[in-house]
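Okay, so here's the structure we're looking at.
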Amino acid sequence: MKVLVTVKRVIDFNVKIRVKSDNTGVETANVKMSMNPFDEIAVEEGVRLREAGTVSDLIAVSMGPPACQETIRTALAMGCDRGILVESDVDLQPLAVAKLLKALVERENPDLVILGKQAIDDDSNQTGQMLAALLGWPQGTFAFKLVLADGAAEVTREIDGGLETVSLKMPAVITTDLRLNTPRYASLPNIMKAKKKAIDVLSPDELGVDVTPRLTTLKVEEPSKRQAGVMVGSVAELVDKLRNEAKVI
Amino acid sequence: MGILVVAEHDNDALKAATLNTVAAGGELGEVSVLVAGADCRAVAEAAARVAGVANVLLADAEIYAHPLAESLAPLVAGLASAYSHLLAPAATFGKNLMPRVAALLDVAQISDVIGIEGADTFVRPIYAGNALATVRSADAIKVITVRGTAFDAAAPDGGNAAIEDIPAAEDPGLSRFVGHELTKSERPELTSARVVISGGRGMQSGEKFALLEEIADKLGGAVGASRAAVDAGFVPNDYQVGQTGKVVAPDLYVAVGISGAIQHLAGMKDSKVIVAINKDEDAPIFQIADYGLVADLFKALPELSAELDKQR
């Protein structure tokens, strides 16, 4: 079985982001970049399927500037077999990414595409669902558990009221939620080995995809800040304030 | 061109966030509501009574008994040409469905909208709400998920819309519902509760969440959790408040044993009054709390429970 996993290069989740003073975006110069945490879970799920013998070819895909090769290398060090970078300087929005992925799926014919449910930069939570729509495949979003058997993917999903299990005809698109697995750290020998693994570099033109953004960002601003309030000395004082000052209980 | 709101419901009742989504739609134009389900006429009747709803489309068919995106997306996309905007609540239902609808229509989707500046211009949070982006869509049809806490709910009564039965779309047969395990609770829904009390890693175990439940019940509130508490296995994921969980904005939010990572703040910082109880006086949560109490939560929670019984 062949599986494609997607990895996005984003500002590290520990970094406190700064809005640019001209309100055109968020400062990314000299900021630590990492693999989107949900994509680490996607890679881990693919690697586990590979270790279980279910998958023989595990491909990590990233899109964006040349530096995304680093993110692919991380995925290769975790256990992916090879990488594909779709190189572009354009702001690649979810619909464009889904179209590029569809073109790659048509070249590679994987049985499963596993994506993070959401990237922690634009917080869109769209690409997996869009890819599934474009391919006419089913989608197992926000996956908590994935079981492959008899040409079907049984996916237990995190939903607002609890968990829901659906059975999807393969091929299928899966997006990962937090509890699906705990991603591994790449070992030093595996990091060294990953340097020798192949990364193909393609362009949107080669894939025949128009990636023109549909959304224009007019401005990016800081949200209004909450001011720290008062410290209270006791539970009794707290309840008194909530009853008589804030009047919320 | 009207606005189509896709109702979130459980075949018995509308989910509360649908009312906020109707209100957001009302800022854009005349609102129609689509109710797709099975044996769900009661939901359509409830939607028809919502203030500001001009008409209700009811697709009542067995294939919609469970909200599978594979079945619903062709139905919604098939209706789209009569509307300028398609809206759904930004809950797991809408987040699963609307990007699929948008891709079928070859348009962008705009997630988690918190402000409407015009027919094509919307405000949405990025980077866990640490920045707000104003975006303009170039597409003919705007497909949007709405953050419920950013819009007041439409009144559930006062409307008198007509209900129009519409046929189901062809079922692509790609997916099948197998089962679900829903958290049973007598407490209000986390996203619409007036009071939310959440626990973090400081709670130390799932059993200790009973301390929070006791207080939630005295205040008529819901119980939430930080990602750390979910990761530690104390409570199920549907308790999670934060960037990747639920977004809440109650009148009162009580954070207990939660340090205040930005990912958690993203889910609760629009609450009206925030209380933090933590034994670490340097915890970042105190920087955004209206009332802070440095205390051992295992002492403070029983005290709080007892105090709430007094002077009623």
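Any read-out appearing in this document is the output of simple, stated calculations on the displayed coordinates, not a laboratory observation. Quantities reported herein were computed from a predicted structural model and do not represent experimental measurements. Glycine gets a Cβ as well: all are built from the backbone with ideal geometry, and neighbour counts include every protein chain shown.
Straight Cα distances below 20 angstrom link A:Lys197 to the aspartates and glutamates A:Asp39, A:Glu40, A:Glu44, A:Glu45, A:Glu51, A:Asp57, A:Glu70, A:Asp81, A:Glu87, A:Glu108, with same-chain residues fewer than 8 positions distant left out.
Take each residue in A:177-184, count the other chain C-beta atoms within 10 Å of its C-beta, and the mean is 2.
Give me the number: length gained by fully extending B:Phe298 to B:Asp231, i.e. 0.36 nm times residue separation minus the C-alpha to C-alpha distance, one decimal in nm.
Numbers: separation 67, 0.36 × 67 = 24.12 nm, distance 2.09 nm.
Stretched fully, the B:Phe298-B:Asp231 segment lengthens by 22.0 nm.
For the residue pairs B:Lys184/B:Lys279; A:Lys225/B:Lys15; A:Lys102/A:Lys145, the C-alpha atoms sit more than 28 angstrom apart in B:Lys184/B:Lys279; A:Lys225/B:Lys15.
In order along the range A:61-70, the Karplus-derived 3J(HN,Hα) couplings, from 6.51 cos²θ - 1.76 cosθ + 1.60 at θ = phi - 60°, round to 10, 9, 9, x, x, x, 4, 5, 4, 4 Hz, and Gly and Pro are given as x.
Starting from the exponent 0.38 and prefactor 2.2 Å, build the expected Rg for the range A:141-230 from its residue count and divide its actual Cα Rg by it. Present the calculation step by step, with values, prior to reporting the outcome.
On the way: Rg = 21.1 Å, N = 90, 2.2 N^0.38 = 12.2 Å.
Dividing the Cα Rg of the range A:141-230 by 2.2 N^0.38 Å gives 1.74.
Computed from phi, the 3J(HN,Hα) profile of the range A:120-127 under the Karplus parametrisation 6.51, -1.76, 1.60 (θ = phi - 60°) reads 7, 8, 8, 6, 6, 6, 9, 4 Hz, with x in place of Gly and Pro. Residue separation of B:Phe177 and B:Ala138 scaled by 0.36 nm, minus their Cα-Cα distance, works out to 10.4 nm of gained length. Of all beta bridges that DSSP places with both ends in the protein assembly as shown, some 35 percent have antiparallel geometry.
Let me know the charge dipole size of the protein assembly as shown about its Cα centre in debye, to the nearest 20, where only the beta-carbon of Lys, Arg (+1) and Asp, Glu (-1) is charged. Walk me through the numbers before you get to the answer.
Values: 55 positive and 75 negative charges, 270 e Å.
Computed charge dipole of the protein assembly as shown: roughly 1300 debye.
The calculated Kirkwood hydrodynamic radius for the range B:120-164 is 13.6 Å, given to one decimal from all distinct C-alpha pairs. When peptides A:174-180, A:125-131, B:102-108 are ranked by their average number of other Cβ atoms within 10 Å per residue, the highest-first order is A:125-131, A:174-180, B:102-108.
What is the magnitude of the charge dipole of the range B:42-129 about its Cα centre, with +1 placed on the Cβ of each Lys and Arg, -1 on the Cβ of each Asp and Glu, and no other charges, expressed in debye to the nearest 20? Don't skip to the answer; put the middle values down first.
Details: 4 positive and 8 negative charges, 32 e Å.
Result for the range B:42-129 is approximately 160 debye, rounded to the nearest 20.
Using a 10 angstrom cutoff on alpha carbons, build the Gaussian network for chain A and name the most mobile of A:Ile11, A:Ile72, A:Ile114. Result for chain A, Cα springs under 10 Å: A:Ile11 fluctuates most.
Mind pulling the angle between the C-alpha long axis of helix B:92-104 and the longest principal axis of chain B? Nearest 10 degrees, somewhere in 0 to 90. Here the helix axis deviates by roughly 30 degrees.
For A:Lys16 paired with A:Thr216, estimate the spin-label separation in nm (one decimal), with each label point 7 Å from Cα along the Cα-to-Cβ line. Each label point lies 7 Å from its Cα, and together they span 3.4 nm. Close amide-amide hydrogen proximity is noted between B:Val6 and B:Leu34, B:Leu87, B:Ala88, each under 5 Å apart and 5 or more residues distant or on a separate chain (H modeled in the peptide plane; Pro and chain starts excluded).
Taking amide H as placed 1.01 Å from N in the peptide plane, B:Thr183 has its amide H under 5 Å from the amide H of A:Gly162, A:Leu163, each at least 5 places away in sequence or on another chain. Check which residues have an amide H placed less than 5 Å from A:Thr176's amide H, if you skip close sequence neighbours. Amide H to amide H, under 5 Å and 5 or more residues apart or across chains, A:Thr176 pairs with A:Leu115, A:Gly116, A:Lys117, A:Phe142, A:Ala143. Annotation note: GluC sites (Glu not before Pro) in the range B:164-229 located in DSSP loop regions with a Cβ neighbour count of at most 16 within 10 Å are B:Glu170, B:Glu186, B:Glu189, B:Glu207.
Please sort B:124-135, A:101-112 by packing, taking for each peptide the average over its residues of neighbouring beta carbons within 10 angstrom, highest first. Kindly include the intermediate steps, with their values, before the conclusion.
Details: B:124-135: 22.3, A:101-112: 17.9.
Listed from highest to lowest mean packing, they are B:124-135, A:101-112.
The Rg/Rh ratio of the range B:229-312, with both radii computed over alpha carbons and Rh defined as the Kirkwood radius, is 0.97. Using the alpha-carbon atoms, what tilt in degrees (0 to 90, nearest 10) does helix B:297-309 show relative to the longest principal axis of chain B? Long axis of B:297-309 versus the principal axis of chain B: about 80 degrees.
In the elastic network of chain B, a GNM with C-alpha springs shorter than 10 Å, the most mobile of B:Ala138, B:Ala228, B:Ala16 is B:Ala138.
Within straight-line reach of A:Lys247, meaning a Cα separation under 15 Å, sit the following aspartates and glutamates at least 8 residues removed in sequence or on another chain: A:Glu237, B:Asp251, B:Asp290. Partners of A:Lys16 within straight-line reach, counting aspartates and glutamates whose Cα lies under 14 Å from its Cα and excluding those fewer than 8 residues away in the same chain: A:Glu27, A:Asp121, A:Glu222. Inter-chain Cβ neighbour count for B:163-175, averaged per residue, equals 2 (cutoff 10 Å, partner chain atoms only).
Distance from the alpha carbon centroid of the range A:210-236 to that of the range B:124-141 works out to 13 angstrom. Geometric descriptor of the protein assembly as shown, per residue, is 150 Å³ (volume of the convex hull of the Cα atoms).
Can you tell me the FRET efficiency between A:Ser234 and B:Glu186 if r is taken as the Cβ-Cβ distance and R0 is 35 Å, rounded to the nearest 0.05?
Numbers: r = 31 Å, r/R0 = 0.88.
According to the calculation, E is roughly 0.70.
Give me the dipole magnitude in Debye, nearest 20, for the range B:161-266 about the Cα centre, with unit charges on the beta carbon: positive for Lys and Arg, negative for Asp and Glu.
Details: 9 positive and 14 negative charges, 119 e Å.
Roughly 580 debye, rounded to the nearest 20.
Each of B:Ile166 and A:Glu51 was given a label point 7 Å from its Cα along the Cα-to-Cβ line. The distance between the two points is 4.8 nm.
Between B:Glu27 and A:Asn244, what's the calculated FRET efficiency when r is the beta-carbon distance and R0 is 51 Å? Round to 0.05.
Working: r = 36 Å, r/R0 = 0.71.
Between B:Glu27 and A:Asn244 the formula returns 0.90.
Each principal axis of the Cα cloud of chain A was taken in turn, and the coordinate range along them, longest first, works out to 66, 45, 40 Å. Counted by Cβ distance under 13 Å from B:Thr134, the other residues give a net charge of -1, where Lys and Arg count +1 and Asp and Glu count -1.
Only Cα pairs within less than 10 Å get springs; with that Gaussian network setup on chain A, which residue of A:Asn181, A:Asn14, A:Asn190 has the largest fluctuation? So, out of A:Asn181, A:Asn14, A:Asn190, the one fluctuating most is A:Asn14. Spin-label model, B:Glu117 to A:Met33: label points 7 Å out along the Cα-to-beta-carbon direction sit 2.7 nm apart. Seen against the Cα atoms of chain A and their longest principal axis, helix A:94-108 is set at about 20 degrees.
How much net charge surrounds A:Arg9 when only other residues with a Cβ under 13 Å from its Cβ are counted (Lys, Arg +1; Asp, Glu -1)?
Values: positive: A:Lys8, A:Lys32, A:Arg73; negative: A:Asp12, A:Asp39, A:Glu40, A:Glu70, A:Glu87, A:Asp121, A:Asp122.
Neighbourhood net charge equals -4.
Between A:Ile191 and A:Arg82, the contour length at 0.36 nm per residue exceeds the Cα-Cα span by 37.9 nm. Across the options B:Ala162, B:Val33, A:Ser203, the greatest Cα extent toward the positive end of the charge dipole of the protein assembly as shown (unit charges at beta carbon of Lys, Arg, Asp, Glu) belongs to A:Ser203.
Summed over qualifying helices (DSSP H, 4 residues or more, each -39500 (n - 2.57)) and divided by its residue number, chain B shows a 222 nm mean residue ellipticity of -7000 deg cm²/dmol.
Averaged over the residues of peptide A:136-145, the number of Cβ atoms from other protein chains lying within 10 Å of each residue's Cβ is 4. Here the Karplus relation 6.51 cos²θ - 1.76 cosθ + 1.60, evaluated at θ = phi - 60°, turns the backbone of the range A:145-161 into coupling constants of 8, 10, 10, 9, 7, 6, x, 10, 10, 9, 10, 9, 10, 7, 10, 4, x Hz, with x for every Gly and Pro.
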